[in-house]
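Student: Take this structure first; my questions come after.
The values are calculated or read from the model by the stated rules, or taken from the named source; none is laboratory data. Note that this is a predicted model, so its numbers are computed, not measured. A quick note on method: Cβ atoms are made from the backbone with ideal geometry, for glycine too, and the neighbour counts reach across all protein chains shown. Ligands, DNA and RNA are stripped out before the accessible areas are found, and what is left, the full protein with its side chains, is counted by its heavy atoms. Shrake-Rupley method; radii C 1.70, N 1.55, O 1.52, S 1.80 Å.
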Amino acid sequence: MNISSLQEARYAYVPKLPGMLRNGISEICVKEGAATGSVADQEKIKALFPMTYGKPEVTFEKGQNTAAAKKQVIGVILSGGQAPGGHNVICGLYDALKASDKNNVLLGFKGGPSGLIEDDFIEFDDAYINAYRNTGGFDIIGSGRTKLETEEQFQVVTEVAKKHGLNAIVIIGGDDSNTNAAVLAEYMAAHGTGVQVIGCPKTIDGDLKNDDIEASFGFDTATKTYSELIGNIERDANSAKKYWHFVKVMGRSASHVALECALKTQPNICLIGEEIAAKEMSLSQIAGYIADSVEKRAADGNNFGVAIIPEGIVEFVPEFGRLIREINDLLAGENTEKFNALPDWTAKCEFIRNGLTENSFKVFEVLPFAIQQQLFLERDPHGNVQVSLIESEKLFSEMVKAELAKRKAAGTYKGKFSAQHHFFGYEGRCAFPSNFDADYCYALGYNAFMLIQYGYTGYLSKISNISKPADQWIAGGMPITKMMNMERRNGKDKPVIRKALVELDGKPFTYFAANRDKWAVETCYVFPGAIQYYGPASVCDITTETLKLEKM
């Protein structure tokens, strides 16, 4: 098998640890802080988590390790979508486990949470772990999206844990996965199983963060990967000078990825879903905003540009959300069969006109024909519109094209408009982790073992001060319940980790807002280039623009 020199070199990279974790397991002590409460709905969350609620935040420091010595058998799973650095979380956990006692055991359960239920696992050894150090992907044990949330599932997991003598389970995942970790931790504690549960914060979308969790792992690498590609497109646009490129990037529930890529590359346009929702902007207003940039640039002879669009942008548009809800209601029950039986699109359009409110039909009318059909012809098994499949980059380029045609007819626009479309998603999920993510993830895994050794459960592995060099990072943990609130999910109130949206009064967005008018008209592109792994720290260990601005 041929292995690239970069891949071989990355195997040998030694991740940097926070200062207090470099002292050796025997010289790491723990300091407890004040008791915690949930971010909202305190009484309800407390009632649901009586065994694990209100626990203190903890920090690890240099000092005598006072944890009781015992053999540790730990299980680990990867949950949800891939994010660069997941392998290093497992490597850090493994190394700390073996540094404590070479007889300790780490079991990797395959395919995500279902691996725990099906008892499908592998026992890690040095050779197996070494083949995945500092690499991207989740292929070390695979991942899955099964949720651990029913009594029956918890009973099965308890039996599997008992069979293997597990002391702890580490769940590496996003907000839903770590919500499940909190629920599992509560179950294990309430039933006296002795099994601890620790979570690690993962998601390239960047929406698993707060005052304690400064960043989720994978966000750094993914945004650097997308920004390299966007920078390449900007360079091409500035060379060919004849295309507007509409680039969709990951981020269905929040616009952190789009904002970070904009801060890195300074495109002409970047839509932020949270702002669109706050201003209650319509689809036509958004198209007009983009068209303004196209028109102004064309007046300077620049018939090219770059626009970044978050994956979930249409879900932030209030009128579009109402349209989707009405379509879902319209096609409920027997109406789906009636609609499908109509002979042609003209008849279907009349059915739609009669079934929607006047305002929603007006929204429907302005949509490009392909999107209109997509809304009604590509539905899930329950008859609902599959919003995630809507090609928003094409939606807006077509709407901008139509708006520009009106302006040309009115004599206000005399340029040329030709669009290219891109979607950057999978390209960033399994990239070789940046040095930052390699270090951060290794520290998260190493730190997870320390939480286990000191007996904590229902905690999230926490590495803070991460805008500084790694030797200044601070290791510790926080109760997962601190991040939780109650939300309505599928008709029921459920405890969940609150998603972090782009804060419109936060420093990253305000910096972007202060500069975007200039970027919209002038060509201010920045070309980040490929992720650098070897060289000066000022180039190789840089963090995200978002984190730098937040910690200014």
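Student: Roughly how big is the chain's charge dipole about its Cα centre, with Cβ charges of +1 (Lys, Arg) and -1 (Asp, Glu), in debye to the nearest 20?
Tutor: For this selection, approximately 780 debye.
Student: Skipping prolines and chain starts, which residues have an amide H placed within reach, meaning under 5 Å, of the one on Thr203, given they are 5 or more residues away or on another chain?
Tutor: The list, which skips near neighbours in sequence, is Phe217, Phe219.
Student: May I ask you to work out the translational diffusion coefficient for segment 231-384 at 20 °C, viscosity 1.002 mPa s, via Stokes-Einstein with Rh from the Kirkwood sum over Cα pairs, reported in whole µm²/s? Write out the running numbers ahead of the final one.
Tutor: Numbers: Rh = 17.4 Å.
Result for D is 123 µm²/s.
Student: Which whole-number value in Å² is the accessible area per residue of segment 85-150, probe 1.4 Å?
Tutor: 37 Å²
Student: Assign one of three labels to segment 465-552, namely rounded, prolate or oblate, based on the Cα gyration tensor with a ≥ b ≥ c the square roots of its eigenvalues; rounded applies when a/c is under 1.5, prolate when it is not and a/b is larger than b/c, and oblate otherwise.
Tutor: It is oblate, given that a/c is not under 1.5 and a/b is not larger than b/c.
Student: In segment 1-107, what is the count of Lys pairs whose alpha carbons are under 25 Å apart, counting only pairs at least 8 residues apart or on separate chains?
Tutor: Lysine pairs meeting the criterion: 21.
Student: Obtain the radius of gyration and the Kirkwood radius of the chain from its C-alpha atoms and give Rg over Rh.
Tutor: A ratio of 1.00.
Student: Pick out, in residue order, every one of the trypsin sites (Lys or Arg not before Pro) in segment 33-100 that is DSSP loop and has at most 13 other C-beta atoms within 10 Å; say none if there are none. Each step should come with its number before you reach the end.
Tutor: Values: sites: Lys44, Lys46, Lys62, Lys70, Lys71, Lys98; in loops: Lys70, Lys71.
Of the trypsin sites (Lys or Arg not before Pro), the ones in loops of segment 33-100 whose Cβ has at most 13 other Cβ atoms within 10 Å are Lys70, Lys71.
Student: Find out how many positive minus negative residues lie around Gly415, taking Lys and Arg as positive, Asp and Glu as negative, among other residues whose Cβ is under 9 Å from that of Gly415.
Tutor: After counting each charged neighbour, the total is +3.
Student: Now for a separate question. Determine, for each peptide in 342-354, 520-532, the mean count of other beta carbons within 10 angstrom over its residues, then list the peptides with the highest first.
Tutor: Result, highest mean first: 520-532, 342-354.
Student: Let me see the P(r) profile for segment 393-513: every Cα-Cα distance counted, bins of 10 Å, each bin given as a percent of all pairs.
Tutor: The percentages, shortest bin first, are 10, 18, 28, 21, 13, 9, 2, 0.
Student: Over all directions, how big on average is the projection of the convex hull of the alpha-carbon atoms in segment 87-245, in square nanometres?
Tutor: Orientation-averaged projected area of the Cα hull: 12.5 nm².
Student: OK, next. Take the cross-link list Lys264/Lys406; Lys147/Lys482; Lys242/Lys401 and give me the ones stretching past 24 Å between alpha-carbons. Show your work: numbers first, answer last.
Tutor: Details: Lys264/Lys406 34 Å; Lys147/Lys482 21 Å; Lys242/Lys401 14 Å.
The answer is Lys264/Lys406.
Student: Which aspartates and glutamates does Lys163 reach when only Cα atoms under 19 Å apart count, and residues fewer than 8 places away in its own chain are ignored?
Tutor: Lys163 reaches Glu118, Asp119, Asp120, Glu123, Glu151, Glu152.
Student: Does segment 9-135 come out rounded, prolate or oblate by the C-alpha gyration tensor, with a ≥ b ≥ c the root eigenvalues, rounded set by a/c under 1.5 and, if not, prolate when a/b is larger than b/c and oblate if not?
Tutor: It is oblate, given that a/c is not under 1.5 and a/b is not larger than b/c.
Student: Using the structure shown, list the pairs from Lys468/Lys518; Lys224/Lys394; Lys241/Lys518; Lys209/Lys468 with a Cα-Cα distance above 21 Å, or answer none. Show your work: numbers first, answer last.
Tutor: Working: Lys468/Lys518 31 Å; Lys224/Lys394 24 Å; Lys241/Lys518 19 Å; Lys209/Lys468 17 Å.
Result: Lys468/Lys518; Lys224/Lys394 exceed 21 Å.
Student: Another question about this same structure. Would you work out which of Val247, Ser282, Leu271 lies farthest towards the positive end of the dipole of segment 237-382? Charges go on Cβ: Lys and Arg +1, Asp and Glu -1.
Tutor: Final value for the positive-end residue is Val247.
Student: Check each of the trypsin sites (Lys or Arg not before Pro) in segment 235-339 and keep only those in coil by DSSP with at most 11 other C-beta atoms within 10 angstrom; list them in order.
Tutor: Qualifying residues, ordered by number: none.
Student: What does DSSP give for the chain in terms of the percent of beta bridges that are antiparallel, rounded to the nearest 5?
Tutor: DSSP beta bridges in the chain are roughly 45 percent antiparallel.
Student: Cα to Cα, under 18 Å, and not fewer than 8 places away if on the same chain: which lysines meet these conditions relative to Lys348?
Tutor: Output for Lys348: Lys338, Lys362.
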